[in-house]
1. Collect the residues in the range 203-225 that are of a type outside the set (S, T, N, Q), closer than 25 Å to residue 150 by Cβ, under 19 Å from the mean Cα position of the chain (by Cα) and open to solvent by less than 30 Å² (accessible area, probe 1.4 Å), keeping them in residue-number order.
2. Would you check if there is a residue in the range 120-128 being at pLDDT below 95, open to solvent by 40 Å² or more (accessible area, probe 1.4 Å) and not small (Gly, Ala, Ser)?
3. If we scan the range 90-112, do we find a residue that is modelled with pLDDT of 95 or more and closer than 18 Å to residue 255 by Cβ?
4. Consider residue 248 against the criteria (1) at pLDDT 85 or above; (2) open to solvent by less than 60 Å² (accessible area, probe 1.4 Å); (3) under 26 Å from residue 39 (Cβ atoms): it satisfies all of them except one. Which criterion is unmet?
5. Picking from 194, 221, which residue would you name as being small (Gly, Ala, Ser) and at pLDDT 85 or above?
6. Can you tell me how many residues in the range 43-67 are open to solvent by less than 20 Å² (accessible area, probe 1.4 Å), more than 18 Å from residue 113 (Cα to Cα) and not in a loop (DSSP other than H, G, I, E, B)?
7. How many residues does the range 71-99 hold that are assigned to a helix (DSSP H, G or I), under 18 Å from residue 52 (Cα atoms) and either among the acidic types (Asp, Glu) or out of contact with any Lys or Arg (no Cβ under 8 Å at 6 or more places or on another chain) (or both)?
Amino acid sequence: MATLKTADELKSIFQEGWNIPERVENYSRGVKEFTEGPTHVAWRDTLAAAAGGTAPLDVLDVGTGPGIYACLYAQMGHRAVGLDFSERMLTVARQRKAELQLDCEFLMGDAEAPPFDAESFDVVSSRHVLFTLPRPGVAIREWVRVLKPGGRLILMGNDHDESPNTPPRRRATQLWNQLRRRFTKRPARRWSPATGYTDALAQCPLRRHGSLTLRAVMEAAGLDDIHLHPTDSIEQARRQSPTSKTRQFVAAGKFFILVGRKP
């Protein structure tokens, strides 16, 4: 059994893991769908409706990575700030910002302790971040703290099976990825996890979660009007895109956008 680590020790392992060049390159692939074409339009329309206000809004994208969503919000006319603790990811995000000639900001910071005053943002948005946080409850509390009254928390993810019987799903996903690489003749981009990364993930409370779990966390944080926002237009656009990774997208679990409002 892996030795239990402190929150700071876990964060150090994750920070090292998300600074591995091959992993940053792999994660940064496929950003074109967020920049141009029908899928880009579907993302813009969907997130604009989820945000619930007209531009410009003050938007914080937590765990921004290569800046996909912060840039998307900026393209929508919002004042966007992306927060991440990976310097390599932030470098990619700033490059995208420059290439797209966008007015948004990218800052180094801890998702569990965002360095902002209370009630600073109209929207706090995050995707695929909570599963790597040692204290996701603290993070959600902090994200709500920096929200203005009436502001919205937007959490995006995939509805994994939250029962203990999950290994078959993981094996099916791995098999699909192997077949996809073989028949599309794409070279595999391999990266080795940072030392202790897998064991560290196992110590995170939301390592595998879905929208039901996040709904309960949002309720505990005092949010109301919590609801699943429709994603049909995004899924349809991805299916029709010849360059999309739709099957991988679906195999990882049903994509969701969960929205809650700060009273």
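The values are calculated or read from the model by the stated rules, or taken from the named source; none is laboratory data. What you see is a predicted model, and the numbers here were worked out from it, not measured in a lab. Cβ atoms come from the backbone with ideal geometry, glycine included; neighbour counts cover every protein chain shown. Each accessible area value is taken on the protein alone, full model and side chains, heavy atoms only, with ligands, DNA and RNA left out. Shrake-Rupley method; radii C 1.70, N 1.55, O 1.52, S 1.80 Å.
1. 214, 218
2. Within the range 120-128 (the criterion being at pLDDT below 95, open to solvent by 40 Å² or more (accessible area, probe 1.4 Å) and not small (Gly, Ala, Ser)), the answer is yes, since at least one residue qualifies.
3. no
4. Exception for residue 248: condition (1).
5. 221
6. Of the residues in that region, 5 qualify.
7. So the count comes out to 1.
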